[in-house]
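Since the structure comes first, as structure tokens, the remarks are kept for the end.
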Amino acid sequence: MNWLVYALLTVVSWGVYGIFLHSGQMGMQDKVNGRYMAFLYVGFAYFLIAVLAPLAVLAFNKGRLDFWNYPANGLWWSLIAGVVGAVGAFGVLLAFGAKGTPAVVMAIVFAGAPIVNALVSILQHPPAGGLSSIKPQFFIGIALAALGGCLVTYYKPAPAPVKPTASAAPTVARPQ
């Protein structure tokens, strides 16, 4: 059951990732370079979590720290996974920069990613009995994931109108 707790941790973390990244981008107050500045901090965070934390756990568990001698197959697939993960995160940021909103961009990402995952998994590990042995419910699930992404994107709630601030109110000269 621990796997479910960890999976839900990922759901929550990735569920707020786009919102927080967009907030960071907007908070940089630089329309041209703010998104890249925000992504730089994502990189710093990845270093802290994805480099220092595993090193600490490996040291605590007395695991191998000679990572340059790890098996090549595992090393290269792990590096490729890191590259595609970083490219995906950068793609999210570029989508925001191209006027995508977190609700729309992340709905497309989280509806599309499981579809890609399912199809690539089938290609890597074909089912016993071939493609014809796949139950129709699998294909219905893929269609529902795509439909869900479309529905969330199309029917996302509109944000509340921005209220003018007190400093934005026009000043009226008083007669003397």
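Sort D30, D66 by Cβ crowding within 10 Å, fewest neighbours at the top.
D66, D30
Based on the mean of other Cβ atoms within 10 Å per residue, sort peptides 48-57, 90-99 so the most packed one is first.
90-99, 48-57
Near the amide H of I134, under 5 Å away, which other amide H atoms are found, from residues 5 or more places off or on another chain, if H is placed in the peptide plane?
Result for I134 returns nothing.
Which of M26, M106 comes first, and how do the rest follow, when ranked by fewest Cβ neighbours within 10 Å?
Arranged by neighbour count, lowest to highest, M26, M106 become M26, M106.
Among the helices of the chain (complete DSSP H runs), which have Cα atoms covering no less than 30 Å along the helix axis and a Kyte-Doolittle mean of at least -0.5?
Qualifying helices: 2-27, 72-97, 102-124.
Give the peptides 12-20, 34-42 in descending order of average Cβ contacts within 10 Å, highest first.
The densest-packed peptide leads the list: 34-42, 12-20.
What distance in nm lies between label points placed 7 Å from Cα along the C-beta direction at T10 and V87?
Taking the simple label geometry, T10 and V87 are separated by 1.9 nm.
Lysine pairs in the chain with alpha-carbon atoms under 23 Å apart, 8 or more places apart or on different chains: how many are there?
Count of close lysine pairs: 4.
Each reported figure results from applying straightforward, stated rules to the coordinates on display, with no laboratory input. Since the structure is predicted, the reported quantities are computational estimates derived from the model, not experimental observations. Glycine also receives a Cβ, built like all others from the backbone with ideal geometry; neighbour counts cover every protein chain displayed.
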